[in-house]
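Remarks on the structure that follows.
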């Protein structure tokens with residue numbers, strides 16, 4: 001597998017080396033940041049990003065995804081090193097098909113790139129926020145299903161709301177603060193879509209966002225909640241695809257199929 005390291009790295013520049021069938025369906029350099037996604041995981045890259053790219057190709061749209069990773073700086077660095085390109089290998093009976101997906105335009109770290117996350121959330125061009133942060137990322141009480149304001153990360157973020165531009169360290173904290181900033185700037189409607197595997201994920205997300213704002217020290221929280229009730233939708237979703245964790249063997253397989261080094265491949269069934 002050491003020979004993979006000698007291959008030219010997958011990037012916008014090296015895409016021309018691939019067969020047309022292995023390239024992204026839409027030129028990634030033409031995409032605009034229209035979707036902000038929290039959670040740079042394998043499922044998102046093998047499912048949501050794939051279908052977003054396919055929809056762009058059919059409709060002639062330019063909806064690009066900006067991914068925000070809450071934890072792994074290594075994942076962010078890996079995506080940036082490849083111009084946010086990566087391959088998806090589909091496993092079907094007797095066949096493996098590998099192609100590059102280019103739907104993701106930026107990779108950000110939740111805390112290190114908080115200013116950019118806020119900027120995107122206020123942009124009227126941004127139409128959708130999606131999340132795959134696992135059920136734990138919602139900090140719901142096991143008894144009530146509502147926000148557990150005693151959870152240390154949430155309590156810290158709530159304390160920060162007493163300070164002007166206080167930093168939020170959780171996805172819920174940053175998303176709530178970002179919606180507040182949007183309320184005060186463009187005020188444009190937006191969809192906030194939970195794609196996590198839990199019952200009633202949309203209403204559950206709406207409840208924890210509402211709970212965070214209600215428990216905050218923001219003086220405008222009542223007006224903010226009124227705007228959210230009118231301009232922000234939280235649809236319930238059911239999404240699924242089997243996407244195993246990527247192994248070194250998978251990286252070797254994907255890089256061999258492309259003839260380019262891909263350190264961020266995903267495989268789906």
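Here region 239-256 is scanned for amide nitrogen atoms under 13 Å from the site 7 Å beyond the Cα of residue 74 along Cα-to-Cβ, giving 246-248.
If you sort the three axes of the alpha carbon gyration tensor as a ≥ b ≥ c, you get a/c of 1.5 or more for region 170-242 and a/b above b/c, which makes it prolate.
Over its Cα atoms, what ratio of radius of gyration to 2.2 N^0.38 Å does region 114-238 give? Please report the intermediate quantities before stating the final value.
Working: Rg = 13.4 Å, N = 125, 2.2 N^0.38 = 13.8 Å.
Working it through for region 114-238, the quotient is 0.97.
Taken along the Cα-to-beta-carbon direction at a fixed 7 Å, the label points for residue 186 and residue 115 span 2.0 nm. Compute the distance from the alpha-carbon center of region 1-52 to that of region 91-156, in whole Å. Cα centroid of region 1-52 versus Cα centroid of region 91-156: 19 Å apart. Of the peptides 203-212, 69-78, the ranking by mean beta-carbon count within 10 Å, highest at the top, reads 203-212, 69-78. For the peptides 83-94, 39-50, 4-15, residues were scored by their other Cβ atoms within 10 Å and the scores averaged per peptide; the highest-first order is 39-50, 83-94, 4-15.
Averaging sequence separations of C-alpha pairs under 8 Å and six or more residues apart, then dividing by the length of region 1-144, give the relative contact order as a whole percent. Before the final figure, lay out the partial values.
Numbers: 214 pairs, mean separation 46.0, N = 144.
Reported relative contact order: 32 percent.
Between residue 91 and residue 6, full extension at 0.36 nm per residue minus the direct alpha carbon distance yields a gain of 28.0 nm.
Dividing the mean sequence gap of close Cα pairs (under 8 Å, 6+ apart) by how many residues region 86-146 holds gives a relative contact order of 16 percent.
Within the set (1) 20.3; (2) 19.4; (3) 23.6, the number that Kirkwood radius over Cα pairs in Å takes when calculated for this structure is listed as (2). For region 189-269, what is the relative contact order in percent, using Cα pairs closer than 8 Å and at least 6 residues apart in sequence? Relative CO of region 189-269 lands at 35 percent.
Axis of helix 248-258 versus longest Cα principal axis of the chain: the two differ by about 60°, to the nearest ten degrees. Our helix-only sum for the chain, with -39,500 (n - 2.57) per DSSP H run of n ≥ 4 divided by its residues, gives a mean residue ellipticity at 222 nm of -10500 deg cm²/dmol.
Take the Cα of residue 217, go 7 Å toward its beta carbon, and the backbone nitrogen atoms of region 122-156 under 19 Å from that spot belong to 149-156.
Bear in mind these aren't lab numbers, they're just calculated from the coordinates by the rules spelled out. All figures in this text were calculated on a predicted structure; none of them were measured in a lab. Using ideal geometry, Cβ is built from the backbone for each residue, glycine included, and neighbour counts are taken over all protein chains shown.
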